[in-house]
Amino acid sequence: MKLLHRLYHISSSSLTHRFDASAYLLDTDQGLFLIDCGTVEGYSACLDNIRSLGYDPTVIKAIFGTHGHYDHVGAASLFKRDFGTELYLHEKDRIQVESGDPIRTTAALLYGTTFPPCKVDHALVDGSIFDFGNMKLTILHTPGHSPGSVSILLDTSSLKVLIAADTLHGGFSLRIGSDEEAWKASLARLSEMHFDLMSFGHCSPSLLADADKRIDSAKRSFATYYVPWFKDFFQEYAY
């Protein structure tokens, strides 16, 4: 689904598989890139979505992983196996992804499956800027949900778009390394910045306006992050 000129939403629970978090395709002047890539279960549908938009997944250069959880980067090893796609991830989530840790990646904890280990090719560092000509990405280390969580500022010629992933409205669990004080500091940091539009990890394919107010609201209502939505998603629940 097209969100902006050359920015597409290609994976989510409504587009690919119910396990999948939101993932995005960037068509830049320097090639194709992904922000997150979804799960193994949603991989085929994700490829179909990319092709239906007129793009060739074989030439995607890299995945920018917002953090090392199954719903966000579980399919990274498949992209690497099939197309040689490189993975960028923050160093603090590297070990769990490279080892396939079943709990820290949430694969077994939430989804009843395994995480295919995937080599991390490059570390994402706070403040790093990737200038692709028609768009620029700035990496913001926003730990809390996981130690290596990042948010990504996508800067076009006229708009500042925040891809917040699970830094906004993610779930809290000590078993995956969540940290309350770090998370509050991350939300405070984002609330001091300005964004024209935003998206987060588990939402319908869309970009949301009033981004600054939404982030401030999330910061002030931090207690809702303790709501136990960390159910085992591979099982069916009547309510």
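Computed across the chain, the Kirkwood radius stands at 17.5 Å (inverse of mean 1/r, all Cα pairs).
Non-local lysine pairs in the chain, meaning eight or more places apart or on different chains, with alpha-carbon distances under 14 Å, amount to 5.
Taking the average, over residues, of other Cβ atoms within 10 Å as the packing measure, peptides 122-134, 151-163 rank 151-163, 122-134 from highest down. Specify the inter-centroid distance of the range 1-23 and the range 164-195, based on alpha-carbon positions, in whole Å. The range 1-23 and the range 164-195 have Cα centres spaced 22 Å from each other. So for the range 2-223: antiparallel DSSP bridges make up what percent, rounded to the nearest 5? Here the share of antiparallel DSSP bridges comes out near 65 percent. When the P(r) is computed for the range 1-55, the part past 13 Å accounts for 52% of the Cα-Cα pairs.
Rule-based calculations on the coordinates, nothing more; no lab input. The structure displayed is predicted, hence computed values, not measured ones. Glycine also receives a Cβ, built like all others from the backbone with ideal geometry; neighbour counts cover every protein chain displayed.
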